[in-house]
Amino acid sequence: MDDKSTLLTISAMAAKLKVNRSSVYRFIEANNISPVLQTGKTRFYDVQTLDKLKKHFEMSVKTGSEKKMNEAHPSGSNELITSLKDQIAQLKQSNEIFNEQLKVKDAQIAALQSNLSKNQELLDHNQQLLLASQNEKKELQYHHDDKTSKKGEFKEVNEAEKKEKSSNKKRWWHFW
């Protein structure tokens, strides 16, 4: 095995097996076959890897010929057709069930939307009532203030009182 003549590259194995190089590469990558030797980007594989590849490609050729035989003989295809018809029938049944479930969900959504619109109407009505009560309260306070205050009486504010109030306010520079 140490002899370089028994080591093969992917291209050499593909040429010996008369298959495409990419098919050999895909098989090697799919089966995690590691190279025996790698120099730069070139990978070298041993004869055992070549044997694995031969078995794989012989099996694929056999399965391909079996497919052709099945196509030639309709007895195998009749079983396939019946199984496909069964699958179609099952899918139709599940589709009907899903359609019924969808109708139920649509009805639930419609009911929820009507409840939501009713709730919105109630909320709007409550807000109108709240605004009306607030306006009524303001009117009552206004009338109450009018009754308690005497007409013609105004409180005069002296300039001294204004200055005194304004001098009590401290600005930020007064803290230093």
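Please verify whether the stretch 22-33 includes one or more residues that are in contact with a helix residue (DSSP H, G or I) (Cβ under 8 Å, 6 or more places away or on another chain), outside any helix (DSSP H, G or I) and either at pLDDT 85 or above or surrounded by fewer than 12 Cβ atoms within 10 Å (Cβ to Cβ) (or both). Walk me through how you get there before you give the answer.
Narrowing the stretch 22-33 to residues in contact with a helix residue (DSSP H, G or I) (Cβ under 8 Å, 6 or more places away or on another chain): 23-25, 27-28, 31, 33.
Within this subset, residues satisfying the condition of being outside any helix (DSSP H, G or I) are 31, 33.
Then drop every residue that is not either at pLDDT 85 or above or surrounded by fewer than 12 Cβ atoms within 10 Å (Cβ to Cβ) (or both), which leaves 31, 33.
For the stretch 22-33, residues in contact with a helix residue (DSSP H, G or I) (Cβ under 8 Å, 6 or more places away or on another chain), outside any helix (DSSP H, G or I) and either at pLDDT 85 or above or surrounded by fewer than 12 Cβ atoms within 10 Å (Cβ to Cβ) (or both): present.
So which of 54, 67, 92 ends up being within 28 Å of residue 10 (Cα to Cα) and either at pLDDT below 85 or out of contact with any Phe, Trp or Tyr (no Cβ under 8 Å at 6 or more places or on another chain) (or both)? Going through 54, 67, 92 in turn, just one is within 28 Å of residue 10 (Cα to Cα) and either at pLDDT below 85 or out of contact with any Phe, Trp or Tyr (no Cβ under 8 Å at 6 or more places or on another chain) (or both): 54.
The values are calculated or read from the model by the stated rules, or taken from the named source; none is laboratory data. All figures in this text were calculated on a predicted structure; none of them were measured in a lab. We place every Cβ from the backbone using ideal geometry, glycine too, and count neighbours over all the protein chains shown.
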